[in-house]
Every structure is written in structure tokens, then in C-alpha cells.
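The values are calculated or read from the model by the stated rules, or taken from the named source; none is laboratory data. None of the values given here were measured: they were computed from a predicted structure. Cβ sites come from the backbone with ideal geometry, for glycine too, and all protein chains shown count toward neighbours. Note: areas computed on protein heavy atoms with side chains; ligands, DNA, RNA excluded. Shrake-Rupley method; radii C 1.70, N 1.55, O 1.52, S 1.80 Å.
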Amino acid sequence: MTDNANIRFVLVLHNHQPIGNFDGVFQQAFEDSYRPFLDVFESYPQLRIGLHTSGSLMEWLDAHHPEYVDRLAGLVASGNIEIVGGAFFEPILAMISSRDRVEQIRSYTRWLENRLGARVRGMWIPERVWEQSMTRDLVDAGIQYTLLDDTHFKNAGLHEDALHGYYVTEDDGKLLFVFPGSERLRYLIPFGPPEGTIEHLREVAEQQPGATVVFADDGEKFGTWPETNKHVYDDGWLRRFFDLLVENSSWIKSTTPSEVLHATAPRGKVYLPEGSYREMTEWALPTERLSDFEDLRHEFQLEQRWARVAPFMRGGFWRNFKVKYPESDEMYTRMQQVSRRLHEIEDQGGADLELLNRARRELFRGQCNCSYWHGAFGGIYLPHLRNAVYRHLILADNLLDHAIGRGDDRITATAADYNLDARQEVELASDRLLAYFTPATGGQLYELDVRPICHNLLATLARRPEEYHRKVLAGPSDSGENVASIHERVVFKQKDLDQRLQYDTYRRKSLIDHFFDADTSLDDLWHQRATERGDFVEGVYKARIRRSADRVQVQLTRDGRAADVPVRITKTATLHSGGSTLRIGYLLENLPPEHPLHFAVELNFAGMPSGADDRYFYDHERQQLGQLGTRLDLHDATQLGLVDQWQGLDVSLALDRPSGIWTFPIETVSQSEGGFELVHQSVAVLPHWHVVADERGRWSVTIDLAIDTSQAESRRRQSEAVVSS
């Protein structure tokens with residue numbers, strides 16, 4: 001190694017736990033990763049690092065482990081840690097409005113400066129999802145630099161040798177400095193031997209003396225990811241790595257992004273195309289195209305051509321996760337609706353400012369990115385993360401009502417393009433329920449907000465193919481005993497997952513209208529052998545809204561076919577002021593005489609998990625019928641209830657004519673940090689009848705969907721009384 005060969009090494013960690021994650025997960029990550037890392041790092045005063053901690057995690061740490069946050073403040077004061085800021089609750093910046101971006105970044109900067117005494121100059125881009133037009137918003141929010149993946153720069157045409165340093169970019173005359181993080185180091189640290197990283201730095205220093213190399217990645221790699229706690233701490237990987245950095249400090253300068261900006265000039269100007277880290281862009285592809293991509297990569301690797309081709313390969317566009325997973329788009333459009341409403345009320349003036357600020361914070365929490373996409377982690381497949389998004393968005397909406405003085409007698413019915421698909425949806429709203437219907441897609445009920453407990457009963461997820469299901473069918477290939485990147489592990493958390501792969505042909509919402517063969521059974525539905533004999537499931541319905549002083553109604557009508565005969569369905573949903581019951585009426589007309597039709601109405605209920613004794617079905621006598629994962633085949637039933645005692649939620653269906661009722665769980669096979677797992681997504685409930693027409697060729701039924709949250713509200717009042725006393 002030549003005498004003048006030296007290098008600057010920037011290590012930036014990104015620590016994050018999403019809004020809605022279980023408290024025990026936060027605590028375990030603290031014990032496995034955040035605290036032990038600091039325990040080791042504090043004994044190396046010669047080293048400098050950058051640290052980004054998401055606002056959702058930082059709030060939890062400050063509430064549960066303020067001593068840890070105090071330690072961070074001490075390391076900031078000593079210059080050992082540079083705090084990297086960001087948008088407060090880790091939203092994908094491309095997903096939120098320019099106004100929300102700036103406000104989230106500024107509010108978190110203020111928090112970090114007040115609590116840690118930090119000077120925030122840079123920010124973490126959540127999931128490194130980048131679009132060039134963001135530049136002006138970052139600069140307007142007071143940000144001078146950010147860190148992205150080297151993939152962004154390669155997609156702009158830069159060669160590997162040009163990625164050791166930082167660049168300047170701009171938009172609308174606003175300048176921002178951008179560091180490329182090394183993908184090679186993302187796989188070396190901490191999975192390879194520490195000497196491998198030192199050797200890589202040595203090679204760069206020999207070729208480009210004075211260069212800067214950046215590692216910027218998840219802090220959870222250091223203890224939280226599977227098998228890494230033993231590897232990093234018990235087996236001493238981190239201490240060996242830090243020892244090597246100190247031993248080689250004559251030519252490796254441990255530094256921070258701000259110190260690099262102060263000491264060196266940018267390598268030049270660059271404009272970066274939209275993108276993210278390599279794996280994210282691949283996950284954003286439609287499943288069938290991702291499978292083609294994986295096959296092509298494997299083919300090129302066998303032919304030893306991948307290294308030459310890879311720099312020119314591009315994956316998908318992050319925003320298309322909202323197409324790949326329509327349920328993500330539902331959360332996104334609901335979030336946008338709340339954001340627009342907040343800004344409109346704010347701009348009009350006259351609202352309660354304290355309540356507006358609280359609503360803004362809840363909106364920002366509902367923008368946390370993790371449940372809006374899916375890759376190697378649970379993401380949108382985790383019901384508790386989806387439920388958390390809706391909980392904060394519904395609470396923000398409730399607060400906005402209070403901010404403008406809207407009373408408890410609210411009852412409205414409106415039509416607008418709520419889900420941004422260029423077609424109109426219908427909203428029925430009271431102070432207790434908020435229901436959204438999509439006439440253009442089966443006249444379905446696609447969101448049902450229970451406002452007193454801020455819960456969307458239709459935060460469902462359909463079962464669909466995933467590229468990694470090919471691995472599920474092939475079986476496990478890693479016992480989990482070896483330390484490896486999450487992207488490389490194939491571990492089953494339950495047996496026989498290959499036998500549980502099922503795919504839906506429609507979204508699992510409510511008021512889905514089916515016609516089946518006369519002999520269709522519950523077993524046929526469970527094993528997906530039932531044949532759809534109608535064209536109503538996703539057919540177009542005509543919508544009409546009716547309003548009166550104390551109630552609103554949407555009427556949805558479609559002329560279609562069932563079992564090859566023309567049938568008209570008119571269904572209504574009625575909501576009364578102050579009530580918690582949605583009255584659903586069905587009228588079938590033009591029915592063929594002496595030709596019964598097997599008709600079923602599907603409803604799905606999300607956020608009411610299975611497998612727990614305090615979450616169960618009950619009958620008209622309130623006799624328990626089994627936990628919510630039970631498959632029921634009821635006959636001549638007039639009522640079925642679902643109870644979630646933990647939430648204090650009771651949902652019941654009362655029918656004015658006897659019905660058969662089928663129930664079964666909707667479960668997905670998905671990928672998470674720990675491996676492949678079966679996840680309960682919703683409970684499907686299908687009242688069904690063998691319809692016989694009257695003399696006018698008609699048949700009707702009324703279903704009262706009643707939602708009782710009195711138990712939850714009583715608990716809340718008791719809790720508030722304890723706090724106030």
C-alpha cells in the first residue's frame with residue numbers, strides 16, 4: 001500500500017420500527033440491537049458515525065428508555081455521532097404531498113434539535129425511494145445533504161469507480177448534496193468477515209487515494225435480524241470490526257457526512273432518475289414480470305454475463321406498489337383525502353389550532369411507509385400495520401370534525417372520486433360510521449370505519465401470487481442456523497405452507513354478490529372449487545343517493561345474468577344519524593319461475609384475529625360457536641355475531657329471513673424477516689339462500705349490520721378518569 005493511500009469511511013445507521021408495531025417488538029429490537037450497539041460503540045471514542053432514528057422509534061425510545069436517548073445526546077455533544085434527520089414518521093416521500101414533506105421534515109428537525117442538541121444538516125430518504133423533484137422540498141425544509149443507494153447513480157450512467165465521494169444535484173435552482181451508499185458493503189456488513197470490509201476499503205484507497213466510501217443501511221442488521229445478535233455481539237463481529245478500523249486509522253478516517261462536506265469538494269453534478277435500492281425496484285415489478293426477471297438473472301449468471309449487464313438493468317417504479325396491491329392504494333387515497341381536508345380547513349382559517357395540530361400529527365403517523373408495500377419483510381401483509389395506518393387516519397379525520405365544530409348529529413351522503421380511479425364512489429357518514437361504496441366494482445362496500453374506536457373493518461388483503469411462492473413450493477433450503485442476509489434465507493415458520501397457497505380473483509371486501517351451483521358447499525369454497533354463475537362480483541352498478549334529515553341511503557342497481565338468465569339486483573345501504581347499524585337491503589327481480597338460484601352475499605371483517613378464545617362467533621342466543629378462524633356451516637340462521645373482546649368490538653348480522661351462513665378465514669402465505677408464514681387477514685362471512693321467486697319474480701332480504709363498541713368506549717372513559725384523577 002502506498003504511503004499516501006488513504007480513505008474516508010462514513011458509516012450511517014438507519015434505525016426504524018413502524019407505526020403500529022407491537023410494543024414487544026420495539027423492546028426486543030432495543031435489547032438485541034440499539035442498546036448493545038451503543039454499548040460497544042461508546043468504548044471507541046476515536047470513531048465517528050452517522051445515525052438516523054425514525055420518529056416513530058424515537059418517540060418510543062424517549063417514552064420507554066429516556067436514558068438511551070440521553071446517551072445519544074452525550075455522543076452528539078462529543079462529536080462521535082452526527083444525527084441524520086428525516087421526515088418524522090418515515091413516509092415514502094413520493095407518496096405524500098409537497099406540503100406534507102416539508103412539514104414532516106421540519107417538525108422532526110425541531111424535535112431532534114430540542115431533545116438531542118443536534119444540528120441537523122442531512123436526512124434519511126425512507127427506503128431510498130427517490131424522485132428528482134423532491135430536491136426542492138428537501139432544500140426548502142432546511143436539508144443540505146442526503147444518502148441514497150449506489151444503484152441510483154448507476155442508473156444515471158455512472159461507473160462503479162465514480163461512486164466514491166458525493167455529488168451535487170438541483171431542482172428549480174435548489175442545490176442538494178447526495179452521497180451514494182455502497183451495495184457491496186451492504187452485503188459485507190455484518191455478514192462477511194470484518195477483514196473483508198477492510199480489504200475492500202484498501203482496494204479503493206489504492207485506486208483512488210482520498211476517496212470517500214459510504215455504508216448506509218439498517219441498524220437492525222446489528223442484532224435484530226435473524227441470528228445476527230449472536231454473530232455481531234456474542235461472537236464479537238462488531239468489536240473486531242471497530243478494532244480493525246482503529247488499527248488502520250492511519251489510512252482509514254472514520255468520519256461523518258457533514259465532515260466530508262466540510263473537507264472535500266463534490267465530484268460533480270448529477271441528476272438521478274427515480275428509483276430505490278436494487279431489491280426494492282425488483283419487488284415493485286408485477287409478480288409475473290419479477291419471475292421473468294429472476295429467471296433472466298439466473299440465466300445470465302450461469303453464462304457469467306450478469307456483471308456486465310446488471311448496471312443497465314432497471315426494475316419497477318415504487319408508485320406501482322399501489323397497483324400491485326390495490327389495498328395499498330386504498331390506504332394511500334384515504335390518506336390523501338385526510339391530507340387535503342386538513343390543508344383546506346387550515347387555509348380557510350377559524351378552526352381550533354390545537355386540534356388541527358393534533359390532526360396533523362395523526363395524519364403524519366398514518367403516512368408511515370411500511371404497510372404500503374411488500375418485499376423481504378411483512379409490510380402490507382401484516383394486519384396490525386394496516387390497522388395502525390387506518391387508526392391514525394380515522395383519528396385525524398375525527399379531530400378535524402371537532403376542530404371545525406361539527407356536531408354529533410352529522411349525517412351525510414356524497415359522491416366523488418375518493419379512490420382516484422376516475423370513477424365516482426359513494427360515502428355515507430355519521431359520527432359513528434363511515435362507509436365507502438364503489439359502484440363501478442360490484443357495488444361493493446370497500447371501507448367501513450368504526451369511528452369511536454378508529455378501526456376500519458375492511459382493511460382486508462386478498463390472496464395473490466408472489467414470486468417467492470416458487471420457493472415455498474420448493475420447500476425450505478436453510479435451517480436458519482447460518483448467518484445470511486434476509487434476501488437469501490428460505491425458512492418456514494409453519495409446516496405445509498405449500499398446501500396453503502390460494503389466490504383470490506377479486507378483492508375481499510363486503511356486499512359481494514355471488515351466484516353458485518345449487519350443490520355448492522362450504523368445502524367447495526374453502527378449496528376454491530366453487531364456480532361463479534353470475535356476473536355481479538365486479539360488475540358495474542348504477543348508484544343513487546337518497547337523503548333525509550336523519551338518514552342517508554345509497555341504492556345500487558345492476559341488470560346482469562345468473563345461471564344464464566337475466567336478473568336485476570338492487571341493494572341498498574342505509575345509515576341513520578347517531579346510529580351504529582348499517583341496514584342492508586337486497587331485492588332480486590326478473591327471477592325465473594320454478595328455477596331456484598343459489599345466491600350469497602359475501603362480507604369480510606378485518607382486524608379481528610383468529611386463534612384466540614376471546615375472539616369468537618356467537619349465535620342468536622349468544623352461544624359461542626368457536627374462535628374467529630372456525631369454518632362454520634350454519635343452517636336456518638337468523639343471526640351471527642363476531643366478538644373481539646380485546647378490542648371491545650361486537651359485530652353482528654341479523655337477517656329477516658332464515659339463511660345458511662358459511663364462515664372461513666382468509667389467510668396468506670407471505671415472507672417476513674423470520675421466514676415464510678401463514679397470516680390471518682380477515683374473516684369471510686357468507687349468508688346464502690336457495691332463492692325462490694314470488695309470483696312477481698321477486699325475492700328480498702334485509703340484513704342489519706350492527707356494530708357495538710360500548711365495551712371499548714367504557715374502557716376509554718375509565719382510563720381517562722384515572723388519568724384525570
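In this structure the stretch 171-305 gives 43 Å² per residue of accessible area when probed at 1.4 Å with all protein chains present.
So which of 509/571; 324/471; 324/509; 324/571; 542/571; 322/471 end up more than 22 Å apart by C-alpha? Mind dumping the intermediate values first?
On the way: 509/571 15 Å; 324/471 20 Å; 324/509 17 Å; 324/571 30 Å; 542/571 10 Å; 322/471 24 Å.
From the list (509/571; 324/471; 324/509; 324/571; 542/571; 322/471), the Cα-Cα distance tops 22 Å for 324/571; 322/471.
Compared with the dominant principal axis of the Cα atoms in the chain, helix 710-724 is inclined by about 40°. Computed over the Cα atoms of the stretch 497-544, the ratio of the radius of gyration to the Kirkwood radius (Rg/Rh) comes to 1.03.
Histogrammed with a bin width of 10 Å, the alpha carbon distances of the stretch 166-238 distribute as 17, 38, 26, 15, 4, 0 percent, first bin at zero. Taking Cβ atoms as reference points and 13 Å as the exclusive limit, the residues near residue 255 contribute a net charge of +1, counting Lys and Arg as +1 and Asp and Glu as -1.
Taking the centroid of alpha carbons for each part, the stretch 15-80 and the stretch 167-246 are 19 Å apart. Since only 436, 627, 337 are under comparison, the one whose Cα sits farthest along the positive direction of the charge dipole of the chain, derived from C-beta charges on Lys, Arg, Asp and Glu, is 337.
Within the chain, DSSP assigns beta bridges of which about 80% are antiparallel (rounded to the nearest 5). Summing +1 for each Lys or Arg and -1 for each Asp or Glu among the other residues whose beta-carbon sits under 12 angstrom from that of residue 409 gives 0. For the stretch 412-418, putting each phi into the Karplus relation 6.51 cos²θ - 1.76 cosθ + 1.60 with θ = phi - 60° gives couplings of 9, 9, 9, 10, 6, 8, 6 Hz, in residue order, rounded to whole numbers and with x for Gly and Pro.
Among the protein heavy atoms of the stretch 356-480, carbon and sulfur supply 52% of the accessible surface, probe 1.4 Å, non-protein parts ignored.
Prolate is the label for the chain, because the ratio a/c of its alpha-carbon gyration tensor axes (a ≥ b ≥ c) is 1.5 or higher and a/b is greater than b/c.
The angle separating the long axis of helix 237-247 from the principal Cα axis of greatest extent in the chain is about 30 degrees. From its DSSP helices (H runs of at least four residues, each -39,500 (n - 2.57)), the chain gives a residue-normalised ellipticity at 222 nm of -9000 deg cm²/dmol. Proximity of backbone amide H atoms, modeled 1.01 Å from N, is registered between residue 541 and 440, 441, 442, 443 at under 5 Å, excluding neighbours fewer than 5 places apart on the same chain.
Its Cα centre serving as origin, the stretch 189-333 has a Cβ charge dipole (Lys and Arg +1, Asp and Glu -1) of approximately 620 debye. When each of the peptides 15-26, 586-597 is scored by how many other beta carbons lie within 10 Å of its residues on average, the order from highest to lowest is 15-26, 586-597. Charge dipole (Cα centre; +1 on Lys/Arg Cβ, -1 on Asp/Glu Cβ; no other charges) of the chain amounts to roughly 1400 debye. Charges on Cβ only, +1 for Lys and Arg, -1 for Asp and Glu, centred on the Cα centroid of the stretch 4-82; of 10, 28, 80, which one is farthest towards the dipole's positive end? It is 10, whose Cα lies furthest towards the positive end.
In this calculation the C-beta distance from residue 706 to residue 308 is compared with R0 = 60 Å, giving a FRET efficiency of 0.40. From the alpha carbon centroid of the stretch 546-616 to that of the stretch 641-688 is 18 Å. Please determine, in degrees from 0 to 90 and to the nearest 10, the orientation of helix 326-348 with respect to the longest principal axis defined by the Cα atoms of the chain, where the helix direction is its Cα long axis. The two axes meet at around 80 degrees.
By its C-alpha gyration tensor, with a ≥ b ≥ c as the square roots of the eigenvalues, how is the stretch 17-77 shaped: rounded for a/c under 1.5, else prolate for a/b larger than b/c, else oblate? Here the stretch 17-77 falls in the prolate category.
Its Cα centre serving as origin, the stretch 477-630 has a Cβ charge dipole (Lys and Arg +1, Asp and Glu -1) of approximately 1000 debye. If you take the square roots of the eigenvalues of the alpha-carbon gyration tensor of the stretch 240-340 and sort them as a ≥ b ≥ c, do you get rounded (a/c under 1.5), prolate (a/b over b/c) or oblate? Oblate, because a/c is 1.5 or more while a/b does not exceed b/c.
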